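Trainee: Questions regarding the structure given below will be posed in turn.
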Amino acid sequence: MRGVLELGLRIGESMLALGASAVDVTQAIRTVIRAFGLYGTQIDLTFTAITVSYDRGGDELPVTMMRIVRDRIPDYGRLQRVVELAQDVADAPVPPEQAMERLEDAHTRLDRIVTAPQTYQRWVITVALSAMAGAIAVLLGGTFPVILVAAATTAAIDRVVWALGRRGLPPFFLQAAGAGVAALVAVALYLAVPHLPIDPSLLPPSLVVASGIVVLLAGLSLVGAVMEMHQGRLE
């Protein structure tokens with residue numbers, strides 16, 4: 001039983017650390033544990049911790065385990081492999097006589113996934129985010145200058161967030177720093193555009209801010225945590 005709960009916790013911890021939302025993490029933990037025949041588990045997830053409790057029924061005390069998520073390094077390539085592992089476990093219910101073998105196999109696969117190097121170098125991620133910001137600017141009706149400024153601003157945001165993250169700054173302050181960069185660029189545009197030989201309507205600061213904020217929110221675990229809290233209230 002403890003081995004099953006530990007596997008569910010490790011999968012949830014890996015998903016949360018790699019950038020998954022709280023809703024997806026909770027669902028993955030629940031389906032993995034149910035595949036081993038354990039139903040009625042209670043899962044509590046915060047921004048930094050996961051707790052799983054299983055009620056054994058009768059006079060038996062419940063079994064409760066918790067893991068702390070210390071590092072958050074979004075990597076959607078490895079996240080996809082963790083999700084596939086959880087899906088493989090959930091798709092094939094485990095008979096009791098095969099439980100130990102399946103647990104060992106799942107733990108081995110998970111070890112290989114979480115210790116694997118990142119698929120892409122960091123500059124590739126920066127370029128991809130810049131392209132995403134440019135695409136968002138297009139969707140919002142931005143002109144070519146807006147696309148360029150939004151892409152450059154997002155590249156600056158990503159490098160600032162990455163550098164501060166390596167120094168151990170908490171995720172909340174990382175997001176605040178990234179939003180601050182977008183706001184500073186918008187203020188600079190607001191002050192500079194009237195003095196430039198271009199039509200001010202071609203470079204509205206609001207579109208630059210909107211593009212940067214959407215990129216900051218993409219994959220943000222805090223958004224998923226809020227969604228999970230809201231879902232819990234509905235239930």
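The values are calculated or read from the model by the stated rules, or taken from the named source; none is laboratory data. This one's a predicted model, so the numbers in the text were calculated from it and none came from an experiment. Every residue, glycine as well, gets a Cβ built from its backbone with ideal geometry; the counts of neighbours run over all protein chains shown. Only protein heavy atoms, including side chains, enter the accessible area calculation; ligands, DNA and RNA are left aside. Shrake-Rupley method; radii C 1.70, N 1.55, O 1.52, S 1.80 Å.
Trainee: Between a first residue in the stretch 1-16 that is in contact (Cβ under 8 Å) with a residue 40 or more places away in the chain and assigned to a helix (DSSP H, G or I) and a second residue that is of a type in the set (Phe, Trp, Tyr) and open to solvent by 40 Å² or more (accessible area, probe 1.4 Å), which pairs have beta carbons less than 9 Å apart while being 6 or more apart in sequence or on different chains?
Mentor: Going by the 9 Å Cβ cut-off, the qualifying pairs are Leu16/Phe47.
Trainee: A further question on this structure: Can you tell me which residues in the stretch 190-223 are within 28 Å of Phe172 (Cα to Cα), modelled with pLDDT of 75 or more and open to solvent by 70 Å² or more (accessible area, probe 1.4 Å)?
Mentor: Tyr190, Ser206
Trainee: Condition first: of a type in the set (Ser, Thr, Tyr), assigned to a loop (DSSP other than H, G, I, E, B) and farther than 19 Å from Ala99 by Cα. Can you find one or more residues in the stretch 39-54 that meet it?
Mentor: To start, the set of residues in the stretch 39-54 that are of a type in the set (Ser, Thr, Tyr) comprises 39, 41, 46, 48, 51, 53-54.
Retained after the next criterion (residues that are assigned to a loop (DSSP other than H, G, I, E, B)): 39, 46, 48.
Subsequent filtering for residues that are farther than 19 Å from Ala99 by Cα retains 46, 48.
Yes, because at least one residue in the stretch 39-54 is of a type in the set (Ser, Thr, Tyr), assigned to a loop (DSSP other than H, G, I, E, B) and farther than 19 Å from Ala99 by Cα.
Trainee: If you don't mind, another one. Which condition does Thr46 not pass, out of (1) polar (S, T, N, Q); (2) under 24 Å from Ser21 (Cβ atoms); (3) open to solvent by 70 Å² or more (accessible area, probe 1.4 Å); (4) at pLDDT below 90, if it passes all the others?
Mentor: (3)
Trainee: Taking the criterion of being modelled with pLDDT of 80 or more, of a type in the set (A, V, I, L, M, F, W, C), open to solvent by less than 60 Å² (accessible area, probe 1.4 Å) and closer than 25 Å to Trp162 by Cα, would at least one residue in the stretch 80-96 satisfy it?
Mentor: yes
Trainee: Mind telling me which of the residues Gly142, Gly168 ends up being among the small types (Gly, Ala, Ser), closer than 20 Å to Arg72 by Cα and outside any helix (DSSP H, G or I)?
Mentor: Gly168
Trainee: OK, next. For the stretch 57-67, give me each residue that is of a type outside the set (Ser, Thr, Tyr) and either closer than 17 Å to Asp24 by Cβ or without any contact (Cβ under 8 Å) to a residue 24 or more places away in the chain (or both).
Mentor: Gly57, Gly58, Asp59, Glu60, Leu61, Pro62, Arg67
Trainee: Just the residues that are within 12 Å of Leu207 (Cβ to Cβ), open to solvent by 50 Å² or more (accessible area, probe 1.4 Å) and in contact (Cβ under 8 Å) with a residue 24 or more places away in the chain, please, taken from the stretch 118-144.
Mentor: Leu140, Gly141
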